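As structure tokens, the structure follows; a few thoughts come after it.
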Amino acid sequence: MAFKDASNPSGPVTLENGLTVAVDRTLCIGCGGCTAIASNTFGLDGEGKSTILDTADLDASTVINSAVSGCPVGAISVN
Ligand code: SF4
């Protein structure tokens, strides 16, 4: 698994579409919902926390926003 920003796997990371995505690792419960909805953008690391993948630019912003809305604990922020 390759991260968009290897030095900052859970972001914040700014994508080519201008969105800056970040996962609050203290909130993430590793449910995998975001990885199912936006599979190019999110992946769980070895600690079961969501990270932003190097393929994130392949997902449309609408898909990423759906993943944000679907997070049960509000761990993902997009600006
Ligand atoms: S949907 Fe939210 S809680 Fe679930 S893995 Fe993604 S960031 Fe973590």
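Please treat every number below as a calculation from the coordinates, not as lab data. As the structure is a prediction and not an experimental result, all values here were calculated from the model. Neighbour counts run over all protein chains shown; Cβ positions are idealised from the backbone, glycine included.
Please identify, among 40, 65, 17, the residue showing maximal mean-square fluctuation in a Gaussian network model of the chain using a 10 angstrom Cα cutoff. Comparing 40, 65, 17 in the GNM, the peak value goes to 17.
Per DSSP H run of n ≥ 4, the term is -39500 (n - 2.57); total these for the chain, divide by its residue number, and report the mean residue ellipticity at 222 nm rounded to 500 deg cm²/dmol.
Working: 2 runs with 15 residues, N = 79.
Mean residue ellipticity, 222 nm, calculated: -5000 deg cm²/dmol.
The charge dipole of the range 13-78, taken about the Cα centre with unit charges on the Cβ atoms of Lys, Arg (+1) and Asp, Glu (-1), comes to about 220 debye, rounded to the nearest 20.
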